[in-house]
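> Sharing a structure below in C-alpha cells format, with a few things to ask.
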Amino acid sequence: MHRIHLSFVSVMVVVAQVEPAHAEDSAELAKAALNPVAAMYSLPVQYNWDQKMGPTGEGMHSVTNIQPVLPFTLNEDWNLISRTILPVIDQHGLAPNGAADKSGVGDITQSFFFSPSKSTDSGWILGAGPALLIPTGSHELLSNEQWGIGPTAVALKQSNGWTRGILANHIWGLDGSPPDDKEKVNQTFLQPFLSYTTKTLTTYGINTESTYDWQAREWSVPINLTVTQLLKIGGHPLTIQAGPRYWLDRSGDGPQGWGFRAAVTFLFPR
C-alpha cells in the first residue's frame, strides 16, 4: 500500500546574508515559513529518497511532493488554510524482475485548516479541519485506489528562536471504495517537530513523520534532521532545505536505514 504522508516543509543549508534594513521583516518571514498555518502563499517542492525496500531489501523509492499552500481570510478572526500534497513517485527494485518498477503521480492528500488569526494568550497557534485522500494515482501500484476522509489538526508555539509543535491527521477509506486487491485505508499520521532559528536565519530542525497502519498494526517511523536557510534571489524570498533521515521502524516492506531529503519553498508574502 502506498503510504499517506501529510507534512510541511521547513527550510535549509545555503549561506546568505539578509540586508540590515530588512532584517526584522526577514525574521518574521522565517518564522512564518516554519508555521504550517501561516497566512502566507507558498509553494514547497520536497524531494525524499529512501532505500532497502521490498522483500529483497534492494528496492529504492523517491517521492517529490508538490505542496501548494493557499490562505483565505474568512473574517477578522479566522483564516482558512488549504494545503495540498501531490506526490510524484519513482520506484525501482521493489519486486523481482522489475515487476513493481513504476514512475508517475500518486494520490493527493488535501487538507483544510480553520485557524484563528491570532495566537492564544499563551502563544499557541492552532488549526484544525478535514483531510481528504483523493485517488489520483496514475497506476494501481502508486495508489490506494480509494477515497478517504478524516480530521487533521496542528498546534505550535514560536518564541526565542524556537518552534515546537505537532501536526496530526487520521484518514479512513470510505466504505465500498477500495478494490478487492487493496486494503481499506485506516492510518494515523503524527508529526511532532522542534527547530531553532539563529540570528542569521539558519534553522536546525528535527521531526518524525510517523504513520500507524491500523489494518496491518504496524508503524513507519522516519526521523528527519534538517538544516534550513532563508534567502532572497532577485528580491524574491525562498527557503531551501537538506538533511538525512533514518527509519527507526517500517511497515511491511517499507524503507530501512538512511535516506535523504531536500526541498525548496517559494514564499509569497501577502
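> Test of understanding: extend the Cα→C-beta vector of residue 103 to 7 Å, then name every residue of the stretch 25-54 with backbone N under 16 Å from that spot.
Correct set: 47-50.
> Find how much the distance from residue 157 to residue 118 grows on full extension, using 0.36 nm per residue of separation minus their present alpha carbon separation; answer in nm with one decimal.
12.8 nm
> In whole angstrom, how far apart do the alpha carbon centroids of the stretch 145-166 and the stretch 230-249 sit?
Their Cα centres are 19 Å away from one another.
> Test of understanding: what is the full-extension gain from residue 232 to residue 76, defined as 0.36 nm times their sequence separation minus their Cα-Cα distance?
That pair, residue 232 and residue 76, stretches by 53.1 nm at full extension.
> Mind checking the per residue accessible area of the stretch 213-270 for me, 1.4 Å probe, whole number of Å²?
Here the per-residue accessible area is 49 Å².
> Quick one: what do you get for the stretch 46-138 if you divide its Cα Rg by 2.2 N^0.38 Å?
Here the Cα radius of gyration is 1.51 times the empirical estimate.
> In addition: Find the Cα radius of gyration of the stretch 93-165, compare it with 2.2 N^0.38 Å by division, and give the number to two decimals.
Compactness ratio reported: 1.67.
> Further question on the same structure: Quick check: convex hull of the Cα atoms in the stretch 187-270, volume per residue, rounded to a whole Å³?
Taking the convex hull of the Cα positions in the stretch 187-270, it is 116 Å³ per residue.
> What span do the alpha-carbon atoms of the stretch 47-88 cover on each of the three principal axes, reported in whole Å from largest to smallest?
That works out to 55, 14, 10 Å along the principal axes.
> Pop the C-beta distance of residue 166 and residue 134 into the FRET formula with R0 = 30 Å and round what comes out to the nearest 0.05.
Using R0 = 30 Å, I get an efficiency of 0.80.
> Starting from a Cα-only point model with no solvent, please compute log10 I(q)/I(0) by Debye for the stretch 168-225 at q = 0.14, 0.22, 0.25, 0.30 1/Å.
Taking Cα atoms of the stretch 168-225 as identical point scatterers yields -0.54, -0.87, -0.98, -1.14.
> While we're here: Just to confirm the number: angle between the C-alpha axis of helix 23-33 and the first principal axis of the chain, 0 to 90 degrees, nearest 10?
Around 20 degrees separate the two axes.
> Here is a further query. Keeping all protein chains in position, work out how much accessible area residue 92 exposes to a 1.4 Å probe, and write it in Å² to the nearest 10.
80
> I've got another one for you. With N denoting the number of residues in the chain, provide Rg(C-alpha) divided by 2.2 N^0.38 Å, to two decimal places.
1.01
> If you take the Cα atoms of the stretch 17-176, find Rg, then find the Kirkwood Rh from the mean of 1/r over all pairs, what is Rg/Rh?
That ratio is 1.06, to two decimals.
> Got a number for carbon plus sulfur as a percent of the stretch 110-237's accessible area, 1.4 Å probe?
Taking all protein chains in place, the stretch 110-237 shows 61 percent carbon and sulfur surface.
> Rank these residues by their accessible area, most exposed first, probe 1.4 Å: 77, 213.
Largest accessible area first, the residues go 77, 213.
> In whole Å, largest first, what are the principal axis extents of the Cα atoms in the stretch 127-230?
54, 26, 25
The values are calculated or read from the model by the stated rules, or taken from the named source; none is laboratory data. Nothing here was measured: the structure is a model prediction, and the numbers come from that model. For neighbour counting, all protein chains shown are included, and Cβ atoms are generated from backbone atoms with ideal geometry for every residue, glycine included. Calculation scope for accessible area: heavy atoms of the full protein, side chains included, ligands and nucleic acids excluded. Shrake-Rupley method; radii C 1.70, N 1.55, O 1.52, S 1.80 Å.
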